[in-house]
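See below for the structure under consideration.
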Amino acid sequence: MGQVTQARYSSLLKRLFALKTVDPGASVGPFVAPSCEVNDAYLPEARALRGEKLFTGSTAETNTAAVNFGVAQFGNPIGSGKVAVVRRVIWSFATPTAANQPGNFRLQLSQQAGTAPAPTIFGTVKDSRYGGGLASQSTCGVQNANTGISGFPATALYQVVVVLGAAAGSVLHVADNLDIVVWPGFAFNISAVSDILPVGTYTWFATWECYERAFDPSELIVPP
């Protein structure tokens, strides 16, 4: 078992069996590893045992006529000591007509260049057992920003084309099982963008779901 895996596994055993020993593997005996299921990343109990807290949050963005597109910048602040894993993003809005939003319209997740912006909108914890109950906030979150015609970078983490029609409609799009790992100081953009600026102003909504945990220094060891 590698150094990274062993450190995380030992921490999990201590939480699972409430052990204070230095070597939890020796304390529980040789039969625990094959009989204890610890691999499902999305079970709430397994997540809690690993010290992960699940959060959800949302924001509204405005694509302004002849000016710019709004973007939600999801960031993990420098020095946070946390790792954030975004597992789901949801876009929902009343779509403009093709005349009000010309061009190639897409829902997109893309890498944020430079230092992560300081979040101003935070997620709310979904497990009330944690300190602060359901009022507890995440360390990571989003900052609303504006951008011009951002284009469709080749480094996009996720994108889907939305075909707009002659009449207004609606969109509810769920991007699931994303597993975007956001390290301290890094960020990515959530956007609804075209290659042509809008003719009419409209608002769209982004909801994200992520879990956070304290990172282990052993994770800095790059696997071979």
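Bear in mind that the values in this text are calculations on the coordinates, not laboratory data. Bear in mind the structure is a predicted one, so any value in this text is a computation, not a measurement. Backbone-built Cβ (ideal geometry, glycine too); neighbour counts: all protein chains shown.
Over the range 49-217, Cα pairs under 8 Å with separation of 6+ residues give a relative contact order of 50 percent.
Our estimate of slack between residue 115 and residue 56, defined as 0.36 nm per intervening residue step minus the Cα-Cα distance, is 18.9 nm.
Spin-label model, residue 92 to residue 147: label points 7 Å out along the Cα-to-beta-carbon direction sit 2.4 nm apart. I want the local charge near residue 109. Using Cβ-Cβ distances under 13 Å, sum +1 for each Lys or Arg and -1 for each Asp or Glu among the other residues. Taking every Cβ under 13 Å from that of residue 109, the sum is +1. Under 20 Å of direct C-alpha separation, and excluding same-chain neighbours fewer than eight residues apart, residue 126 reaches these lysines: 53, 82.
Footprinting exposure proxy ranking of 20, 82, fewest other C-beta atoms within 10 angstrom first, gives 20, 82. Please compute, over every Cα-Cα pair in the range 49-217, the percentage with a separation greater than 21 angstrom. Within the range 49-217, distances greater than 21 Å cover 46 percent of Cα pairs.
One decimal place: the segment residue 128-residue 179 gains 16.0 nm when fully extended, by the rule 0.36 nm per residue minus the C-alpha distance. From the Kirkwood radius over Cα pairs of the range 170-215, Stokes-Einstein at 4 °C and 1.567 mPa s returns a whole-number translational diffusion coefficient of 93 µm²/s.
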